[in-house]
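*Asks:* Quick one: the structure is below, and I'll ask about it shortly.
The values are calculated or read from the model by the stated rules, or taken from the named source; none is laboratory data. Only a predicted model underlies this, so the values are computations on that prediction, with no experimental measurement involved. Here the Cβ positions follow ideal geometry from the backbone for every residue, glycine too, while neighbour counts run over all protein chains shown.
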Amino acid sequence: MHECHNYTTMHSRRDFLSRLGMGLGGAALATLLNPGLVSGAAGPIAGDDRIKGILKRTHFVPKVKRVIYLFQSGGPSQMELFDYKPLLDTMHGEELPDSVRKGQRLTSMTGFQNSLPLARSIFPFVQHGQSGAWVSDLLPYTARIVDELCLIKSMHTEAINHDPAITFFQTGSQIAGRPSIGSWLSYGLGSDNENLPAFVVLITKDKGGQPLYSRLWGNGFLPSLHQGVQFRSGKDPVLYLNNPDGVSAGSRRKMLDRLNDLHTLQHEALGDPEIESRIAQYEMAYRMQTSVPEVMDLSDEPDYIFDLYGNAAREPGTYAANCLLARRLAERDVKFIQLYHQGWDHHGGLPGGIRQQCKETDQASAALVLDLKQRGMLDDTLVIWGGEFGRTNYCQGRLTADDYGRDHHPRCFTIWMTGGGVKKGFSYGETDEFGYNVVRDPVHVHNFQATLMYLLGIDHERLTFKHQGRRFRLTDVHGEVVEAVLA
């Protein structure tokens with residue numbers, strides 16, 4: 001009775017019927033089909049290949065080996081950073097024309113304003129580099145590397161509020177519960193370093209702003225082995241990694257060996273794949289006891305590296321320190337490194353707020369690109385900078401000569417990418433002269449995700465996972481690779 005009870009609690013009615021159907025014809029079908037093809041794999045999955053991912057080989061020749069995603073949470077204002085609109089200088093304070101808005105919905109924060117006055121940026125723009133890209137003087141370090149960047153000025157999304165918007169970027173759905181990008185990559189490609197996770201998350205410490213939830217780097221319905229692992233500043237970078245007082249490394253090893261034996265027996269009895277994930281996670285945690293302190297120790301970095309990233313890089317948990325740590329993780333072949341930096345949600349007091357944000361992030365973001373380049377790593381690394389949406393061209397609240405705010409704007413915003421496989425010194429997409437709508441080469445969130453996966457050698461339509469009767473993928477039911485940005 002005990003074993004029957006365990007089986008029924010582990011398997012749903014749908015799963016039972018699915019297994020019954022396979023039992024009738026599955027034996028013959030299995031000789032004709034490669035079971036790995038249903039998930040885009042090129043061969044069957046061996047039991048000892050947990051770390052390698054489901055794809056035995058990529059669908060395309062990969063352009064990059066790893067991704068560093070510098071996510072700017074809150075929605076940076078493209079109007080103050082990259083999307084120069086001189087028309088707003090002449091129309092400052094005038095009403096946003098209805099012909100431009102076209103009845104599109106607004107958030108509840110400005111939807112009830114009696115007026116939507118256009119607001120110019122108080123920060124000057126200058127063209128930089130051989131590409132002649134316009135960059136605000138808020139970003140002097142980024143301006144110096146503009147010829148390394150691929151600017152996408154025509155990003156757009158359906159989400160108009162933070163939670164669904166950031167969830168959409170990270171998981172391909174506005175509704176929580178789907179696997180994150182890093183989890184999909186871990187599931188598909190596995191890890192290139194058996195002593196570190198394939199997916200690591202770093203968050204700037206002591207930053208206010210829109211909340212970040214662990215589900216943003218969660219595995220969703222994928223095996224829990226593929227969830228992101230957050231590294232923190234302080235003496236315990238990964239929670240619960242160190243041995244408790246009185247437990248030696250030898251005792252820990254013996255405990256894991258016996259636990260592995262018990263889990264193996266349980267897996268043989270029930271067939272629950274989460275048991276295998278649990279075993280793999282315990283073993284990874286054991287190996288990380290040595291690898292994590294080594295990668296987190298910046299004492300071997302020379303002074304010129306700290307000069308490059310800025311003095312803040314010496315303080316663990318800052319954005320600059322996390323950028324430097326991202327390079328160290330990339331050197332050790334971590335597949336997907338996700339940085340989060342909060343504080344870009346400037347509904348009011350935008351000039352002062354965005355000036356501080358750029359002070360915290362500009363030098364380190366540019367330094368990461370230069371550091372990767374000087375080490376010969378930029379050719380096989382993709383670096384991404386951007387937020388969940390942009391900001392409006394009109395003012396939220398009271399408009400004055402030197403102060404204003406901007407509301408959320410999902411219809412057009414700017415991100416940048418650099419590294420292997422993408423064009424450099426290149427600007428893609430265009431917004432109208434008001435900076436309100438995309439007028440050329442729109443790039444949807446799913447197109448961005450499809451392109452990211454392509455650069456890693458993955459066909460976004462073929463890496464799928466069956467859950468609740470249907471096959472899911474990161475890009476849901478659409479998305480196309482943006483071939484124009486590919487080198």
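*Asks:* Taking the condition in contact (Cβ under 8 Å) with a residue 60 or more places away in the chain, buried (at least 20 other Cβ atoms within 10 Å of the Cβ) and more than 21 Å from K424 (Cα to Cα), does E360 pass? Walk me through how you get there before you give the answer.
*Replies:* Numbers: in contact (Cβ under 8 Å) with a residue 60 or more places away in the chain: yes; buried (at least 20 other Cβ atoms within 10 Å of the Cβ): no; more than 21 Å from K424 (Cα to Cα): yes.
Criteria not met by E360.
*Asks:* Is one or more of the residues making up region 376-397 touching a Phe, Trp or Tyr at 6+ places or on another chain (Cβ under 7 Å), over 26 Å from T431 (Cβ atoms) and assigned to a helix (DSSP H, G or I)?
*Replies:* No - not one qualifying residue is present in region 376-397.
*Asks:* Any idea which residue in region 219-266 is farthest from V67 (Cα to Cα), counting only those that are surrounded by 15 or more Cβ atoms within 10 Å (Cβ to Cβ) and β-branched (V, I, T)?
*Replies:* My answer is V238.
*Asks:* Let me ask something else about it. Taking the options F123, F112, name whichever one is among the aromatic types (F, W, Y), out of contact with any Pro (no Cβ under 6 Å at 6 or more places or on another chain) and touching a residue at least 24 places away in the same chain (Cβ under 8 Å). Please lay out each step first, then the result.
*Replies:* Working: F112 fails: touching a residue at least 24 places away in the same chain (Cβ under 8 Å).
The conditions single out F123.
*Asks:* Could you count how many residues in region 295-309 are over 26 Å from the mean Cα position of the chain (by Cα), of a type in the set (D, E) and either in a loop (DSSP other than H, G, I, E, B) or within 21 Å of R232 (Cβ to Cβ) (or both)? Quick ask: steps written out before the conclusion?
*Replies:* Going through region 295-309, the residues over 26 Å from the mean Cα position of the chain (by Cα) turn out to be 299-304, 307.
The next check asks that each one be of a type in the set (D, E); those that pass are 300-301, 303, 307.
Filter once more, keeping what is either in a loop (DSSP other than H, G, I, E, B) or within 21 Å of R232 (Cβ to Cβ) (or both): 300-301.
Residues in region 295-309 being over 26 Å from the mean Cα position of the chain (by Cα), of a type in the set (D, E) and either in a loop (DSSP other than H, G, I, E, B) or within 21 Å of R232 (Cβ to Cβ) (or both): 2 in total.
*Asks:* Output the residue which, of all residues in region 401-429 that are surrounded by fewer than 21 Cβ atoms within 10 Å (Cβ to Cβ) and of a type in the set (D, E), is farthest from the chain's Cα centre (by Cα).
*Replies:* D402
*Asks:* Related question: Is there a residue in region 316-325 that is of a type outside the set (G, A, S) and either more than 21 Å from I68 (Cβ to Cβ) or more than 24 Å from the chain's Cα centre (by Cα) (or both)? Even if it seems obvious, please write down each step before you answer.
*Replies:* Applying the first criterion (of a type outside the set (G, A, S)) to region 316-325 yields 316, 318-319, 322-325.
Remaining after also requiring either more than 21 Å from I68 (Cβ to Cβ) or more than 24 Å from the chain's Cα centre (by Cα) (or both): none.
For region 316-325, residues of a type outside the set (G, A, S) and either more than 21 Å from I68 (Cβ to Cβ) or more than 24 Å from the chain's Cα centre (by Cα) (or both): absent.
*Asks:* Next question. Report, by residue number, each residue of region 154-169 that is in contact with a Lys or Arg (Cβ under 9 Å, 6 or more places away or on another chain), touching a residue at least 60 places away in the same chain (Cβ under 8 Å) and either of a type outside the set (A, V, I, L, M, F, W, C) or in a helix (DSSP H, G or I) (or both).
*Replies:* S154, H156, T157
*Asks:* Still on this structure, I have one more. From the list D362, D345, which one is within 22 Å of M79 (Cβ to Cβ), of a type in the set (D, E) and not in a helix (DSSP H, G or I)?
*Replies:* Details: D362 fails: not in a helix (DSSP H, G or I).
Matching residue, one of D362, D345: D345.
*Asks:* When region 56-90 is examined, which residues are found to be buried (at least 24 other Cβ atoms within 10 Å of the Cβ) and under 22 Å from E461 (Cβ atoms)?
*Replies:* V67
*Asks:* Given the residues G435, G387, which is the only one that is buried (at least 17 other Cβ atoms within 10 Å of the Cβ), small (G, A, S), closer than 30 Å to G177 by Cα and touching a residue at least 40 places away in the same chain (Cβ under 8 Å)?
*Replies:* Working: G435 fails: closer than 30 Å to G177 by Cα.
None of the other options fit; the residue is G387.
*Asks:* G348 passes all but one of (1) surrounded by fewer than 24 Cβ atoms within 10 Å (Cβ to Cβ); (2) farther than 27 Å from H408 by Cα; which number fails?
*Replies:* Only one criterion in (1) surrounded by fewer than 24 Cβ atoms within 10 Å (Cβ to Cβ); (2) farther than 27 Å from H408 by Cα is unmet by G348, namely (2).
*Asks:* Would you tally the residues in region 159-206 being of a type in the set (K, R) and at pLDDT below 95? Talk me through it step by step, then tell me what you get.
*Replies:* First, the residues of region 159-206 that are of a type in the set (K, R): 178, 205.
This time we only want the ones that are at pLDDT below 95, so: none.
Residues flagged as of a type in the set (K, R) and at pLDDT below 95 within region 159-206 amount to 0.
*Asks:* Counting just the residues of region 445-476 that are part of a loop (DSSP other than H, G, I, E, B) and free of Cβ contacts under 8 Å to residues at least 40 places away in the same chain, which one comes out surrounded by the fewest Cβ atoms within 10 Å (Cβ to Cβ)? Walk me through how you get there before you give the answer.
*Replies:* From region 445-476, those part of a loop (DSSP other than H, G, I, E, B) are 456-464, 468-469, 473-476; that's our starting set.
From what is left, the residues that are free of Cβ contacts under 8 Å to residues at least 40 places away in the same chain are 460-461.
Numbers: H460: 26, E461: 17.
Ranking the candidates gives E461 first.
*Asks:* Somewhere in region 140-152, is a residue aromatic (F, W, Y), farther than 30 Å from F199 by Cβ and surrounded by fewer than 22 Cβ atoms within 10 Å (Cβ to Cβ)? It would help to see each step written out before you state the result.
*Replies:* Residues of region 140-152 that are aromatic (F, W, Y), as a first pass: 141.
Checking which are farther than 30 Å from F199 by Cβ leaves us with none.
Within region 140-152, not a single residue is aromatic (F, W, Y), farther than 30 Å from F199 by Cβ and surrounded by fewer than 22 Cβ atoms within 10 Å (Cβ to Cβ).
*Asks:* What residue, among those in region 126-139 that are polar (S, T, N, Q) and either within 23 Å of the chain's Cα centre (by Cα) or surrounded by fewer than 22 Cβ atoms within 10 Å (Cβ to Cβ) (or both), is nearest to W416 (Cα to Cα)? Quick ask: steps written out before the conclusion?
*Replies:* First, pick out the residues of region 126-139 that are polar (S, T, N, Q): 127, 130-131, 136.
After this cut, where a residue has to be either within 23 Å of the chain's Cα centre (by Cα) or surrounded by fewer than 22 Cβ atoms within 10 Å (Cβ to Cβ) (or both) as well, the list is 127, 130-131.
Working: Q127: 16, Q130: 17, S131: 14 Å.
Result: S131.
*Asks:* Oh, and also: Which number in (1) within 29 Å of I337 (Cβ to Cβ); (2) touching a helix residue (DSSP H, G or I) at 6+ places or on another chain (Cβ under 6 Å) marks the one condition that H267 misses?
*Replies:* If we test H267 against (1) within 29 Å of I337 (Cβ to Cβ); (2) touching a helix residue (DSSP H, G or I) at 6+ places or on another chain (Cβ under 6 Å), just (1) comes out false.
*Asks:* List the strands (runs of 3 or more DSSP E) inside region 27-137, counting only whole elements, that have at least 2 residues being over 30 Å from G182 (Cα atoms) and modelled with pLDDT of 95 or more.
*Replies:* The strands (runs of 3 or more DSSP E) meeting that bar are 125-128, 133-136.
*Asks:* Please work out if P273 is touching a Ser or Thr at 6+ places or on another chain (Cβ under 6 Å) and surrounded by fewer than 19 Cβ atoms within 10 Å (Cβ to Cβ). Spell out the reasoning first.
*Replies:* Numbers: touching a Ser or Thr at 6+ places or on another chain (Cβ under 6 Å): no; surrounded by fewer than 19 Cβ atoms within 10 Å (Cβ to Cβ): yes.
No, not satisfied.
*Asks:* To continue, here is another question. How many residues does region 310-342 hold that are of a type in the set (D, E, K, R) and either part of a loop (DSSP other than H, G, I, E, B) or under 30 Å from T110 (Cβ atoms) (or both)?
*Replies:* Taking region 310-342 and keeping what is of a type in the set (D, E, K, R), we get 314-315, 327-328, 331-333, 335.
Filter once more, so that each one left must be either part of a loop (DSSP other than H, G, I, E, B) or under 30 Å from T110 (Cβ atoms) (or both): 315, 332-333, 335.
Residues that pass the stated criteria total 4.
*Asks:* Right, something else. Taking interchain pairs and intrachain pairs at least six residues apart, which have beta carbon atoms under 8 angstrom, with the first residue in region 394-407 and closer than 16 Å to G435 by Cα and the second surrounded by fewer than 17 Cβ atoms within 10 Å (Cβ to Cβ) and among the hydroxyl-bearing types (S, T, Y)?
*Replies:* Going by the 8 Å Cβ cut-off, the qualifying pairs are D407/T107.
*Asks:* So G177 fits all but one of (1) out of contact with any Asp or Glu (no Cβ under 9 Å at 6 or more places or on another chain); (2) assigned to a loop (DSSP other than H, G, I, E, B); (3) crowded, with 23+ Cβ neighbours inside 10 Å; (4) not charged (D, E, K, R); what number is the exception?
*Replies:* Result: G177 fails condition (3) only.
*Asks:* Quickly run through region 339-351 and pick out the residues that are under 18 Å from D403 (Cα atoms) and either without any contact (Cβ under 8 Å) to a residue 40 or more places away in the chain or under 20 Å from the mean Cα position of the chain (by Cα) (or both).
*Replies:* If we filter region 339-351 for residues that are under 18 Å from D403 (Cα atoms), which is where we start, we get 343-351.
Scanning region 339-351 gives G343, W344, D345.
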